[in-house]
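What follows is a short report on a single structure.
The values are calculated or read from the model by the stated rules, or taken from the named source; none is laboratory data. This structure is a prediction, so every number in the text was calculated from the model and none was measured. Because the Cβ atoms are built from the backbone with ideal geometry, glycine has one as well, and the counts that use them run over all protein chains shown. Note: areas computed on protein heavy atoms with side chains; ligands, DNA, RNA excluded. Shrake-Rupley method; radii C 1.70, N 1.55, O 1.52, S 1.80 Å.
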Amino acid sequence: MDMAFYQLAFRYLKRKRAKTVLLFFVLLIVSSMILSTNMILRATADSKTAIGEKTKAKVVMGILKEDDRITLDDVEWIKDLEEVSTVNCLAKNDAFPVNFQLVTGSDSTEASNQKVSLLSYDNLENDSGFSEGVYRLVSGNYIAGDIKGIVINSYLADANQLKSGDLIELENTNGKRVSLEIVGIFLSGNESRQPEGMDSVNRIENQIFIDNSSYSVLFETEGYAKVAVYCKNPEQLSLLEEELNKYLSDKADSTTSDTLYQQMSLPLEQITRAAKLMLALTLLAGTVIVSLLLCMWMRTRQKETAIFISVGKSKASIFLQVFMESFFVFAFAVLGSCCLGNFMAGILQGFLTESGTTDISLEVLLQFKDVGILAGLGSLLVLAAVIVSLLPILRTNPKETLSKMEG
């Protein structure tokens with residue numbers, strides 16, 4: 001009874017133990033190289049994603065005209081964009097104090113010396129002097145999410161004996177008033193360096209940060225002067241900027257901020273390029289070496305192959321047998337490289353740490369997806385090697401092969 005191609009493949013490997021062992025070690029080395037480079041590539045990709053989230057790449061849209069602001073409908077449209085993670089809306093206006101005194105050294109009777117400067121945010125910790133290190137919070141909380149109210153300067157608080165939790169009242173130019181809770185107190189460090197004659201509205205002490213909902217109640221407006229749009233993936237920042245410019249071209253212009261991401265991702269990109277080059281060279285070298293081995297072995301099997309074809313065995317069956325022989329060995333090589341995976345991951349982790357990427361979270365670990373990619377790439381490598389080694393024999397007439405062997 002004729003045996004199936006996989007049975008013949010297994011018997012051949014068992015009979016040619018020396019060749020099988022040699023092929024196994026070659027494929028083990030190639031598999032280990034593929035697995036190592038793929039672990040590096042995945043680790044750098046994961047790190048770039050993490051860096052993208054931490055560095056907060058953004059597009060800031062600033063209005064062109066004061067009377068043509070970015071509306072709530074515009075903001076809702078922006079939030080629905082696939083590339084957008086969060087949006088921080090910013091507005092600015094002046095207001096009169098009702099139940100507290102301003103800090104000023106000017107004797108001016110102008111309105112600018114009787115007002116505070118109000119700056120509204122969805123999230124005060126971002127896109128403000130706090131994120132730039134100009135201001136620091138000394139007590140309380142930032143305006144963010146469910147935390148509504150105002151953040152005032154420490155000098156203004158001391159001058160009026162105010163603290164977090166107290167209420168202060170503000171009035172707009174039309175007489176509209178709101179009472180707001182102090183949720184935080186800040187300092188700049190430059191308060192004492194300001195000119196004595198500066199009007200109150202321009203002094204740091206009289207800057208008051210307010211949440212956007214309270215700002216809208218006071219000024220009865222639905223518009224914003226700026227909108228900071230944060231991108232999920234910094235690689236898509238240009239695409240996001242293009243969409244925003246197309247939608248808001250008549251009322252706002254854009255500036256992008258991803259310098260920190262570019263600085264932090266540069267060493268990862270260098271590692272990625274090196275790993276991709278190493279992977280390509282590994283696949284090329286592995287294919288050439290395995291092909292040469294199989295070509296040398298196929299020369300000794302020319303007569304066997306010709307006889308198989310002469311007795312009616314299909315070329316497809318012969319091809320499958322030779323492929324299965326190499327694939328069996330490759331499968332064991334994959335298992336061997338997986339056993340070495342965690343050991344190699346530790347070595348690669350140490351190497352990458354020593355190479356100057358200690359400020360970046362780069363964790364090299366063996367994962368199931370790495371094994372899947374190894375199986376896919378390795379199978380293609382084996383297939384290419386088998387085709388290269390077997391094609392000349394299958395294209396030769398078996399009668400010619402047998403006559404040459406007998407002659």
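Numbers at a glance
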item	result
Residues of segment 1-150: accessible area per residue with a 1.4 Å probe, Å²	53
Calculated log₁₀ intensity ratio I(q)/I(0) where the Debye formula runs over C-alpha points of segment 12-51, q = 0.19 Å⁻¹	-0.62
Length released on extending from GLN263 to GLN367, taking residue separation times 0.36 nm less the Cα-Cα span	34.6 nm
Stokes-Einstein D in µm²/s, Kirkwood radius over Cα pairs - segment 87-129 at 37 °C with 0.692 mPa s viscosity	267
Links that overshoot a 30 Å alpha carbon limit, given the list LYS16/LYS276; LYS65/LYS115; LYS65/LYS163; LYS56/LYS115; LYS54/LYS276; LYS79/LYS148	LYS16/LYS276; LYS65/LYS163; LYS56/LYS115
By accessible area with a 1.4 Å probe, ligands and nucleic acids excluded, highest first: order of PHE328, PHE323, PHE368, PHE343	PHE368, PHE343, PHE328, PHE323
Radius, Kirkwood style, for segment 162-217 when every pair of distinct Cα atoms is counted (Å)	13.2
Computed [θ] at 222 nm, helices only, for the chain once each DSSP H run of length n ≥ 4 contributes -39500 (n - 2.57)	-17500 deg cm²/dmol
With Cα atoms, 0 to 90° folded angle of helix 315-339 axis to the chain main axis	50
Overall Cα dimensions of segment 2-160, principal axis frame, Å, largest first	107, 35, 27
MET296 accessible area, assembled protein chains, probe 1.4 Å, Å²	110
Bridge type composition, the chain - antiparallel percent by DSSP, nearest 5	80
Accessible area of GLU241 in the full protein assembly, 1.4 Å probe (Å², nearest 10)	50
Two-decimal ratio, the chain, of alpha-carbon radius of gyration to 2.2 N^0.38 Å	1.64
ASP73 accessible area, assembled protein chains, probe 1.4 Å, Å²	120
Tilt relative to the chain, helix 17-55 - C-alpha long axis, 0 to 90 degrees, to 10	10
Euclidean distance of C-alpha centroids, segment 278-297 and segment 41-117, integer Å	58
Computed E for ALA4/LYS79 - FRET, C-beta separation, R0 45 angstrom, nearest 0.05	0.15
Using alpha-carbon coordinates, inclination of helix 341-354 to the longest axis of the chain, degrees	50
Stokes-Einstein translational diffusion, segment 194-244 - Kirkwood Rh over all Cα pairs, 1.567 mPa s, 4 °C, in µm²/s	88
Largest to smallest accessible area among VAL371, VAL329, VAL138 [probe 1.4 Å]	VAL138, VAL371, VAL329
Where LYS14, LYS115, LYS315 fall by accessible area, highest first, once all protein chains stay in place (1.4 Å)	LYS14, LYS315, LYS115
Cα gyration tensor, segment 91-230 - rounded (a/c under 1.5), prolate or oblate	rounded
